[in-house]
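Here is the structure we will look at, set down as structure tokens.
The values are calculated or read from the model by the stated rules, or taken from the named source; none is laboratory data. Predicted model only: the values in this text are computed from it and were never measured. Glycine also receives a Cβ, built like all others from the backbone with ideal geometry; neighbour counts cover every protein chain displayed.
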Amino acid sequence: MKVAILCGGLGTRLREETEVRPKPMVEIGGRPILWHIMRGYAARGFAEFVLALGYRQEAIKRYFLDYYHLSGHLTVALGTGAVGAHEGAREDWTVHLVDTGLGTQTGGRVKRLAHWLREGTFMLTYGDGVSDVNVADVLAFHRRHGKLATVTAVRPPARFGGLVFDGDRVSEFTEKPQAGEGWINGGFFVMEPGVLDYIQGDDTYLEREPLERLAKDGQLVAFRHGGFWQCMDTLRDLKLLESLWEGGRAPWQVWRE
């Protein structure tokens, strides 16, 4: 089963980082957030990816072109230019790198992947959000309901620290609690090829007419995930993710090193 990842946006709210590279290539712990997302899927047994590229796509292409040689030891014969790669930790992934245009919107990017996605059920997510959701469970949920699309619903992290009171005394302080109510689109979709027919063209936002029509037609269900989820929209978000990783407290690391 293929996993499509939207990697083509401009990332304007994280301009400090995205002036020189696409947002999926912004690093957490020395690895692009895109790698973290893909590693999470691969840990659940899904290791064929279709990346919808756009803004500064050459950076993502170069990363995967160089990945094999830069992930292990090398021997270089300077006289001939021959390069021999030796043991090292490498991912057994297949990655399709697809140019979906610079100005194409999220739905349009999915539509441009139709050639790779029409053969059966596929997964889809954004290239800037990590979670500890078990995507195999989302797939099982999707199959039980038999609808065209499943979205993972999450509770967004609160912006400010939370206080729990015992009278006037603060009994608990949580730095970044989950919101107490309300669910939002957290990505980590499972979809059938029929979803592609709901998308008109490049200017279509997936989150508007396609998902709205799917909901109206009774073809959209939500897998409620109460665990960790965090997008990387701002520098504040990036610093939070970095601190979790560096502190060995990254909930999205569902794999073993």
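Side notes on the structure shown:
- Sole residue being closer than 27 Å to W252 by Cβ, in contact (Cβ under 8 Å) with a residue 60 or more places away in the chain and surrounded by fewer than 15 Cβ atoms within 10 Å (Cβ to Cβ), chosen from A52, A114, A140, A136: A136
- H36 meets all of the listed conditions (1) part of a helix (DSSP H, G or I); (2) over 20 Å from V133 (Cα atoms); (3) of a type outside the set (A, V, I, L, M, F, W, C) but one, namely (2).
- Filter result for G248 (under 23 Å from G29 (Cβ atoms) and surrounded by fewer than 17 Cβ atoms within 10 Å (Cβ to Cβ)): yes
- Hey, R224 free of Cβ contacts under 8 Å to residues at least 24 places away in the same chain and of a type outside the set (D, E) or not: no
- So L97, is it outside any helix (DSSP H, G or I), over 17 Å from the mean Cα position of the chain (by Cα), surrounded by fewer than 19 Cβ atoms within 10 Å (Cβ to Cβ) and modelled with pLDDT of 90 or more: no
- Of the numbered criteria (1) touching a helix residue (DSSP H, G or I) at 6+ places or on another chain (Cβ under 6 Å); (2) buried (at least 22 other Cβ atoms within 10 Å of the Cβ); (3) part of a helix (DSSP H, G or I), the one E16 fails is (2).
- Top-ranked residue of the stretch 69-92 - restricted to ones that are touching a Lys or Arg at 6+ places or on another chain (Cβ under 9 Å) and either part of a loop (DSSP other than H, G, I, E, B) or touching a residue at least 40 places away in the same chain (Cβ under 8 Å) (or both), ranked as farthest from H36 (Cα to Cα): S71
- Elements of type strands (runs of 3 or more DSSP E) contained in the stretch 121-167, each with 1 or more residues being within 23 Å of R31 (Cα to Cα), of a type in the set (V, I, T) and modelled with pLDDT of 95 or more: 122-126, 129-131
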